[in-house]
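S.K.: There's a structure below that I have some questions on.
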Amino acid sequence: MPTRGPPNTHGSRGGLQFRPSGPGPPPGADRARPKKIVFEDELPSRALLGIKKPVGSIPGGHMPRPHPVPDYKLKYPAVSSERERRCYAAVFQDQYTEFLDLQQELGSAQAKLQRLEALLTSLPPPRSQKEAQVAARVRREFEKKRMDPSFLDKQARCRYLKGKLRHLKTQIQEFDNRGDSEDSVYF
């Protein structure tokens, strides 16, 4: 009696291919499927899939903000000549007066706001409807002044100038320190 061998199947090119018998994938399942490329931003959100996030990942719904490099760090690189040092020093002196004026103006405005806030918190509870309305109006005015776009712009400008002046001062000092070490004679 002849023995029975494994069944033969025809491949995609018409030739015979040997397929072992037994359980396994159905015929034609061994054909290679084209791979689909999917980018991460095309995937459904993890919350919808019920997948746990790895520990230490960014919380859902939170987009990390880029940390832009301030323009003055690009505009004022390391000082490389005495002429450049004088230019940096001139910019520093010019901007320093603006910074001092802004700082003084903001300081007095912040002191007034702090005094007003202390006064508001020390007020006794209102005894009448009219007192409650007046207190509410004063609190709204206080918040309005504290969140005034002009005031906030001045605060942002003051922070910017402080960073720029600190950067210029550092660049000048590093140049001076390099110059001191180059001109020094050690015995």
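The numbers here are math on the coordinates, done by the rules we state, and not lab data. Since we're looking at a predicted model, the values are computed, not measured. Glycine also receives a Cβ, built like all others from the backbone with ideal geometry; neighbour counts cover every protein chain displayed.
S.K.: Hey, which of these cross-link pairs are over 20 Å Cα-Cα: K75/K162; K75/K164; K112/K162? Write down the numbers at each step before the final one.
M.R.: Working: K75/K162 16 Å; K75/K164 10 Å; K112/K162 23 Å.
Exceeds cut-off: K112/K162.
S.K.: A further question follows. Within the range 66-158, which trypsin sites (Lys or Arg not before Pro) sit in a loop by DSSP and count at most 11 neighbouring Cβ atoms inside 10 Å?
M.R.: Values: sites: K73, K75, R83, R85, R86, K112, R115, R127, K130, R137, R139, R140, K144, K145, R146, K154, R157; in loops: R127.
Filter output for the range 66-158: R127.
S.K.: Residues with beta-carbon under 13 Å from that of F99, excluding F99: net charge, scoring Lys, Arg +1 and Asp, Glu -1?
M.R.: +3
S.K.: I would also like to ask the following. Got a sec to turn the phi values of the range 81-89 into Karplus ³J(HN,Hα) couplings, 6.51 cos²θ - 1.76 cosθ + 1.60 with θ = phi - 60°, whole Hz, x for Gly and Pro?
M.R.: 8, 5, 5, 5, 4, 5, 5, 4, 5
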